[in-house]
Amino acid sequence: MEKDERWDIYDVNKKVTGRTMRRNDFCLKDDEYHLTVLGVVSRPDGKYLITRRAMDKVWAPGAWEVSGGACMAGEESYDAVKREVLEETGLDVSNADGGFVFTYHRENPGKGDNYFVDVYHFVMDFDENDVIPQETETNGFMLASHEQIKEFAKNGNFLHYDSIKRVFE
């Protein structure tokens, strides 16, 4: 049985309201949001760790992306991004250089799914043997240059690129 995962509900100013919602129960009013995170991980040589979404995913199977996911109720954004990167790649970014870069948001009027996205960029020295992809979430990974990522995005095969591209520049 799946546990009852809950997300905090935020107001338009990104303040916690004290209310929660069930995971993926998109019941938010137009001025309410949940919080997600994205963690861009790169090496000092400028290569970025990207993962390919599992082929059985309902949304965007096989697309390339950076690690991320939703903040759990009561969880701080930084703790959520560390958890998501560790779960999806096996890398612990706790001692990495970098950190929070910016926030963007998405409005989906009438759909109940508005959200903020906190974007982080971590730089650390690691090699491919250090990466342990989460098999239920990913279908492999690669160390990619910004040019390769731009090419995936141009072909519609890299998620969120237009929203986060400044973190690669």
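Residue 95 meets each of the listed conditions (1) modelled with pLDDT under 95; (2) farther than 16 Å from residue 10 by Cβ; (3) open to solvent by 60 Å² or more (accessible area, probe 1.4 Å) apart from (1). Among residues belonging to region 108-141 that are farther than 25 Å from residue 23 by Cα and outside any loop (DSSP other than H, G, I, E, B), point out the one that is most open to solvent (accessible area, probe 1.4 Å). Applying the filter and picking the extreme gives 129. Inspect all residues belonging to region 97-107 and state whether any of them is of a type in the set (Phe, Trp, Tyr), farther than 20 Å from residue 5 by Cα, out of contact with any Pro (no Cβ under 6 Å at 6 or more places or on another chain) and assigned to a helix (DSSP H, G or I). Looking through region 97-107, none of the residues is of a type in the set (Phe, Trp, Tyr), farther than 20 Å from residue 5 by Cα, out of contact with any Pro (no Cβ under 6 Å at 6 or more places or on another chain) and assigned to a helix (DSSP H, G or I). Scanning region 60-84 for residues that are aliphatic (A, V, I, L, M), over 16 Å from residue 35 (Cβ atoms) and open to solvent by less than 20 Å² (accessible area, probe 1.4 Å) gives 63, 66. Could you grab me the full set of residues in region 14-41 that are open to solvent by 30 Å² or more (accessible area, probe 1.4 Å) and in contact with a Gly (Cβ under 6 Å, 6 or more places away or on another chain)? Within region 14-41, 26, 27 qualify. Looking at this structure, is residue 116 within 17 Å of the chain's Cα centre (by Cα) and closer than 22 Å to residue 7 by Cα? Yes. In the condition set (1) in contact (Cβ under 8 Å) with a residue 12 or more places away in the chain; (2) assigned to a helix (DSSP H, G or I); (3) open to solvent by 40 Å² or more (accessible area, probe 1.4 Å), residue 148 is compliant with all but (1).
How about region 140-168: which of its residues are within 15 Å of residue 67 (Cβ to Cβ) and of a type in the set (A, V, I, L, M, F, W, C)? Selection gives 141, 142, 143, 144, 149, 158, 159, 164, 167, 168.
Checking the stated criteria, residue 11 turns out not to satisfy the condition of being within 21 Å of residue 120 (Cα to Cα), acidic (Asp, Glu) and surrounded by fewer than 20 Cβ atoms within 10 Å (Cβ to Cβ).
The set of residues in region 30-59 being touching a residue at least 12 places away in the same chain (Cβ under 8 Å) and of a type in the set (A, V, I, L, M, F, W, C) consists of 35, 37, 38, 40, 41, 49, 50, 54, 55.
Can you tell me how many residues in region 151-169 are assigned to a loop (DSSP other than H, G, I, E, B) and among the acidic types (Asp, Glu)?
1
The values are calculated or read from the model by the stated rules, or taken from the named source; none is laboratory data. Nothing here was measured: the structure is a model prediction, and the numbers come from that model. In this analysis, Cβ positions are derived from the backbone assuming ideal geometry, glycine residues included, and neighbour counts consider all displayed protein chains. Side chains are part of the model used for accessible areas, which takes the heavy atoms of the whole protein and leaves out ligands, DNA and RNA. Shrake-Rupley method; radii C 1.70, N 1.55, O 1.52, S 1.80 Å.
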